[in-house]
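Okay, structure first, notes after.
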Amino acid sequence: MNIMAIVLAAGQGKRMKSKLYKVLHPVCGKPMVGHVADVLDAIGVSKKVFVVGHGAEAVQSYLGDRGQYVLQEQQLGTGHAAKQAEDILGGEQGITLVVCGDTPLFTKQSLEAMIALHKETGAAATLFSAELGNPHGYGRVIRDASGAVTGIVEQKDCTPEQTRIREVNAGTYCFDNAKLFAALAKVTNQNAQGEYYLTDVIGILKQEGETVQAYCTDQPEETIGVNDRVALAEAERIMRQRIVHSLLVEGVTFIDPASSYIEADVKIGSDTVIWPGTVVRGKTVIGEDCVIGPNTEITNSVIGDGVSIKQSVLSEAEVGPESTVGPFAYLRPGAKLGRGVKIGDFVEIKNAVLDEGTKVSHLSYVGDAKVGKNVNIGCGAITVNYDGFNKHITEIGDDAFVGSNVNLIAPVRVGRGAYVVAGSTINKDVPEDDLAIARERQTNKTGYAVKIRQKFAAMKKNN
Ligand code: UD1
Ligand code: CA
């Protein structure tokens with residue numbers, strides 16, 4: 001059957017007290033409305049209509065071509081919001097899901113179970129409900145003596161007796177498309193908030209003799225609607241646990257799951273071990289058999305198999321298999337390490353390709369460079385890539401040796417197999433297999449150390 005979806009995402013979210021529009025607040029690195037779009041894609045909806053209003057441009061530019069958009073200029077309530085989709089969906093036949101942009105935790109399994117119940121019972125409307133220990137703030141599901149759903153009453157419209165109902169409306173529904181829009185036309189704003197409530201559609205359909213159903217979940221945490229930062233933190237905690245749990249099931253070891261922060265789109269291979277204090281963000285992919293952390297932050301990077309990364313920060317970097325990074329290394333955008341590369345302590349790499357087997361073991365900066373295979377860059381050696389106006393390239397051929405504390409003033413080339421003597425400041429190309437030395441010659445003055453000590457001792461006495 002044709003399944004469509006309306007996503008309500010026009011509200012400002014005043015209770016967030018934020019400059020960022022509510023549905024763009026991230027949960028585990030991804031805006032809430034992005035999680036909602038993902039789950040709708042996972043169940044294979046044919047059309048998604050996003051109702052946008054506050055921050056319409058920002059929401060639309062984030063979601064791009066993931067759906068169609070309708071503008072709700074004034075936020076007159078969730079019923080008014082859903083009605084805006086009529087121009088696009090009004091003539092369609094099938095099932096229409098209505099979901100809120102601020103409920104990021106729904107799973108594919110739960111939505112499919114709701115849809116299955118809806119189809120089996122031939123209902124006009126099926127709502128997603130949950131029994132909550134603390135139902136405050138949510139609309140309550142009203143049932144008659146036989147247990148059949150008769151409507152939803154909002155918190156602010158509840159009688160004292162109704163406030164004691166613990167079954168709440170999660171704000172996610174399944175409708176017969178034509179019946180939804182027919183009922184929306186009958187919704188009024190005669191209620192405590194003066195809004196057009198989508199929830200009234202349930203009561204309207206029931207009164208018209210239609211079947212309405214509630215799918216009551218046994219996973220109530222999925223229904224969290226994020227209206228403030230307290231709920232946002234709770235959603236973050238649940239999503240984080242869910243991500244770590246699925247990685248554990250797939251064969252990733254977490255020494256301390258509670259102290260590892262893995263964002264929603266990260267992929268990690270089996271037998272990789274994640275130590276505490278590790279944050280892995282964005283679209284990072286980590287291979288198998290790696291050891292990551294402790295205290296490491298990796299963003300939008302690709303890490304091969306068998307890599308070890310300790311106490312380091314990586315952003316938009318690529319690390320080849322069997323490489324080691326850290327402790328205390330910083331790989332910035334464009335750092336590309338081949339197989340078996342060693343990046344040691346206090347080394348910074350930016351926009352530089354380092355080929356197989358190359359070692360930069362301590363205290364170096366390598367930026368805007370192309371470094372061949374099996375190169376050794378000594379302690380404290382750096383590329384001088386910036387003249388205050390432009391960035392310049394350093395090239396180092398295979399098997400070259402760059403001694404400690406060398407300055408390579410770019411643009412410059414060190415040929416294959418060349419040897420640059422420690423302490424040199426190199427501003428001319430070094431041909432293949434040559435040795436370059438560029439520093440002042442040393443002079444030793446016989447016995448002068450003794451003389452100097454005597455001179456200082458005499459000065460001290462006279463003072
Ligand atoms: C809504 C439900 C409530 C349910 C709760 C679950 C109604 C009347 N109430 O309440 O029964 O328990 O969700 O989380 O539907 N929005 C618009 N345009 C508007 C108003 C809202 O697009 O004019 C969007 C918001 O951006 C939000 C969603 O609709 O994504 C829900 O609106 P919100 O104000 O958060 O509703 P709740 O008070 O939480
Ligand atoms: Ca809400």
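The values are calculated or read from the model by the stated rules, or taken from the named source; none is laboratory data. For clarity, every value in this text was computed on a predicted model and none was experimentally measured. With ideal geometry, Cβ positions are generated from the backbone for all residues, glycine too; neighbour counts draw on all protein chains shown. Side chains included, ligands, DNA and RNA excluded: accessible areas come from the protein's heavy atoms. Shrake-Rupley method; radii C 1.70, N 1.55, O 1.52, S 1.80 Å.
Points to keep in mind about this one:
- When each of PHE346, PHE389, PHE401 is tested for being open to solvent by 20 Å² or more (accessible area, probe 1.4 Å) and without any contact (Cβ under 8 Å) to a residue 12 or more places away in the chain, the lone residue that passes is PHE389.
- Condition met for ILE95 (over 26 Å from VAL27 (Cα atoms), among the hydrophobic types (A, V, I, L, M, F, W, C) and within 11 Å of ligand 1 (Cβ to nearest atom)): no
- The one condition in (1) open to solvent by less than 10 Å² (accessible area, probe 1.4 Å); (2) more than 15 Å from ligand 2 (Cβ to nearest atom); (3) of a type in the set (Gly, Ala, Ser) that GLY29 fails to fulfil: (1)
- Inspection of the range 96-118 finds no residue satisfying the criterion of being within 22 Å of LEU205 (Cα to Cα) and either more than 34 Å from the chain's Cα centre (by Cα) or open to solvent by 50 Å² or more (accessible area, probe 1.4 Å) (or both).
- Meets criteria (open to solvent by less than 40 Å² (accessible area, probe 1.4 Å), among the small types (Gly, Ala, Ser) and over 19 Å from the mean Cα position of the chain (by Cα)) for GLY293: no
- Test: residue in the range 307-319 that is in the same structural domain as ASN376 (by TED's automatic domain parsing), over 22 Å from the mean Cα position of the chain (by Cα) and in contact (Cβ under 8 Å) with a residue 24 or more places away in the chain: no
- Members of the range 428-463 that are within 30 Å of VAL375 (Cβ to Cβ) and open to solvent by 100 Å² or more (accessible area, probe 1.4 Å): LYS428, GLU432, ASP433, LEU435, ILE437, ARG439, GLU440, ARG441, GLN442
- Number of the exception - ASP265 against (1) in a loop (DSSP other than H, G, I, E, B); (2) more than 29 Å from GLN12 (Cβ to Cβ): (2)
- The range 129-195 holds strands (runs of 3 or more DSSP E) entirely within its bounds, and those carrying 1 or more residues that are surrounded by fewer than 21 Cβ atoms within 10 Å (Cβ to Cβ) and of a type in the set (A, V, I, L, M, F, W, C) map to 140-143.
Residues are listed down the side, and each one gets a yes or a no for (1) in a loop (DSSP other than H, G, I, E, B); (2) of a type in the set (Asp, Glu); (3) without any contact (Cβ under 8 Å) to a residue 40 or more places away in the chain:
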residue: VAL98; (1), (2), (3): no, no, no
residue: GLN109; (1), (2), (3): no, no, yes
residue: LEU117; (1), (2), (3): no, no, no
residue: GLU120; (1), (2), (3): no, yes, yes
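- The set of residues in the range 1-26 being β-branched (Val, Ile, Thr) and either within 9 Å of ligand 1 (Cβ to nearest atom) or open to solvent by 20 Å² or more (accessible area, probe 1.4 Å) (or both) consists of ILE3, VAL7, VAL23.
- Search result, residues across the range 367-379 that are closer than 15 Å to PHE401 by Cβ and either open to solvent by less than 20 Å² (accessible area, probe 1.4 Å) or hydrophobic (A, V, I, L, M, F, W, C) (or both): VAL371, GLY372, VAL375, ILE377, GLY378, CYS379
- Close contacts from the range 216-234, counting a first residue that is within 15 Å of ligand 2 (Cβ to nearest atom) and open to solvent by less than 80 Å² (accessible area, probe 1.4 Å) and a second that is in a helix (DSSP H, G or I) and small (Gly, Ala, Ser), with Cβ to Cβ under 6 Å and a gap of 6+ residues or different chains, come to GLU222/SER110; ILE224/ALA231; ILE224/ALA235; VAL226/ALA235.
- Residue under evaluation VAL279, criteria (1) within 16 Å of the chain's Cα centre (by Cα); (2) under 21 Å from GLU221 (Cβ atoms), criterion not met: (2)
- Pairs, first over 12 Å from CYS174 (Cα atoms) in the range 199-212, second open to solvent by 60 Å² or more (accessible area, probe 1.4 Å) and basic (Lys, Arg), C-beta under 8 Å, six or more apart: ILE204/LYS186; LEU205/LYS179; GLU210/LYS179
- Considering ALA10, ALA56, ALA81, ALA42, the condition of being farther than 20 Å from ALA185 by Cβ and touching a strand residue (DSSP E or B) at 6+ places or on another chain (Cβ under 7 Å) is satisfied by ALA56 alone.
- Selection status of VAL36, more than 16 Å from ligand 2 (Cβ to nearest atom) and surrounded by 18 or more Cβ atoms within 10 Å (Cβ to Cβ): no
- Every residue from the range 62-92 that is assigned to a loop (DSSP other than H, G, I, E, B) and either open to solvent by less than 20 Å² (accessible area, probe 1.4 Å) or more than 8 Å from ligand 1 (Cβ to nearest atom) (or both): GLY67, GLN72, GLU73, GLY77, GLN84, ALA85, GLY90, GLY91, GLU92
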